[in-house]
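The values are calculated or read from the model by the stated rules, or taken from the named source; none is laboratory data. This one's a predicted model, so the numbers in the text were calculated from it and none came from an experiment. Quick reminder, even Gly has a Cβ in these numbers, built from the backbone with ideal geometry, and neighbours come from all protein chains shown.
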């Protein structure tokens with residue numbers, strides 16, 4: 001078994017056991033999915049899943065996404081593996097979230113990105129996180145300048 005979260009359909013079906021909800025005293029995903037569906041198109045829905053590593057937070061998100069896949073699309077990211085945990089700032093997390101949302105929307109053709117944003121912007125974002133070959137760009141040069149700090153508007 002892998003210590004990684006159960007996110008794939010096949011591995012989820014192989015390892016997850018619904019009996020765990022009896023031990024927990026109920027199925028939290030049922031309540032979360034109901035609240036999420038009720039909030040659809042009205043007010044933003046927010047919920048936090050917290051717990052120690054390995055307790056099943058990502059597994060519960062996988063279960064939630066499976067229950068609401070007819071109405072919602074999940075976008076996963078991991079700040080721990082996609083960023084440098086020793087040096088990231090809140091701005092970096094927000095930028096990563098924006099990049100993942102834009103990529104997923106583009107995959108679904110939900111929002112055509114071509115022409116909406118300059119191609120260089122996505123290259124700059126990828127370089128920011130070390131996901132693309134380093135080409136000299138405005139953002140890359142600015143970020144490497146001594147004393148550089150992002151400004152949030």
Original post:
Taking segment 3-15, which residues are outside any helix (DSSP H, G or I) and touching a helix residue (DSSP H, G or I) at 6+ places or on another chain (Cβ under 8 Å)?
Top reply: 5, 6, 7
Original post:
Looking at segment 50-110, what helices (runs of 4 or more DSSP H) fall wholly within it and have at least 2 residues that are within 26 Å of residue 27 (Cβ to Cβ), modelled with pLDDT under 80 and not assigned by TED's automatic domain parsing to the domain that holds residue 33?
Top reply: none
Original post:
Which residues, counting only those in segment 16-49, are surrounded by 14 or more Cβ atoms within 10 Å (Cβ to Cβ), modelled with pLDDT of 80 or more and assigned to a helix (DSSP H, G or I)?
Top reply: 28, 29, 32, 33, 36, 37
Original post:
Hey, residue 13 hits all of (1) exposed (fewer than 10 other Cβ atoms within 10 Å of the Cβ); (2) touching a residue at least 24 places away in the same chain (Cβ under 8 Å) but one; which does it fall short on?
Top reply: (2)
